[in-house]
1. Whose amide H sits under 5 Å from the amide H of PHE99, counting only residues 5 or more places off or on another chain, with H placed in the peptide plane?
2. Tell me, what ³J(HN,Hα) does each residue in segment 12-20 have, in order and in whole Hz, if you take phi through Karplus 6.51 cos²θ - 1.76 cosθ + 1.60 with θ = phi - 60° and put x for Gly and Pro?
3. Can you work out ³J(HN,Hα) from phi for every residue in segment 100-105, in order, using Karplus 6.51 cos²θ - 1.76 cosθ + 1.60 and θ = phi - 60°, giving whole Hz and x for Gly and Pro?
4. Once amide H atoms are built 1.01 Å from N in the peptide plane, which residues 5 or more positions from GLN73, or in another chain, come under 5 Å H to H?
5. Modelling each spin label as a point 7 Å along the Cα-to-Cβ direction, I'd like the THR79/ASN48 distance in nm, to one decimal.
6. Calculate the dipole size of segment 1-75 relative to its Cα centre from +1 charges on Lys and Arg beta carbons and -1 charges on Asp and Glu beta carbons; express the result in debye to the nearest 20.
7. According to a simple spin-label model (label point 7 Å from Cα along Cα-to-Cβ), what is the distance in nm between SER12 and GLN110?
8. Can you list which of the DSSP-assigned H helices in the chain have a Cα extent of 18 Å or more along the long axis and an average Kyte-Doolittle score of at least -0.5?
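Derivation of every value follows stated rules applied to the coordinates shown; laboratory data play no part. Just so you know, these numbers come straight off a predicted model, no measurement behind them. A quick note on method: Cβ atoms are made from the backbone with ideal geometry, for glycine too, and the neighbour counts reach across all protein chains shown.
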Amino acid sequence: MSMNLPSEIFGSVIVVHTPEELASEQAEHFERYLPKLERDNVVLDLDNTEILDSAGLAAILNTQDTFRARGGQLKISATNTVNRKILEITRLDQQIEVFQSVIDAVKSFQ
């Protein structure tokens, strides 16, 4: 299974829209896919994701480590209250910056 996620580029930042499911089956592909993008500053827009499990969260954290090692950064945009809650409960929001909107996340790189 190869992954192709919709994305937009804003200067040195790429915004990637996560899949509907970011669970064990997709997590591995997701982790391999993101570092292949031609930007090291990434905003993950979680709004399309309806299923987010521990494998998906681990994949996000691992990918953040990959980008940090390359001098980049990964940030999250989530307007969806369920996903924001998941990020809070798992304390992922203390390890990765989470923004209310894609625009705010992109601007934070300036």
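1. The answer is ILE76, SER77, ALA78.
2. Values, residue by residue: 8, 10, 10, 9, 10, 8, 6, x, 4 Hz.
3. 6, 9, 4, 4, 4, 5
4. Those qualifying (amide H under 5 Å, at least 5 residues apart or on another chain) are ASN41, VAL42.
5. 1.5 nm
6. Values: 6 positive and 13 negative charges, 96 e Å.
Taking the Cα centre of segment 1-75 as origin, the dipole is about 460 debye.
7. Label at GLN110, label at SER12, 1.4 nm between them.
8. Numbers: long enough: 54-69 (22 Å, 0.28).
Both cut-offs are met by 54-69.
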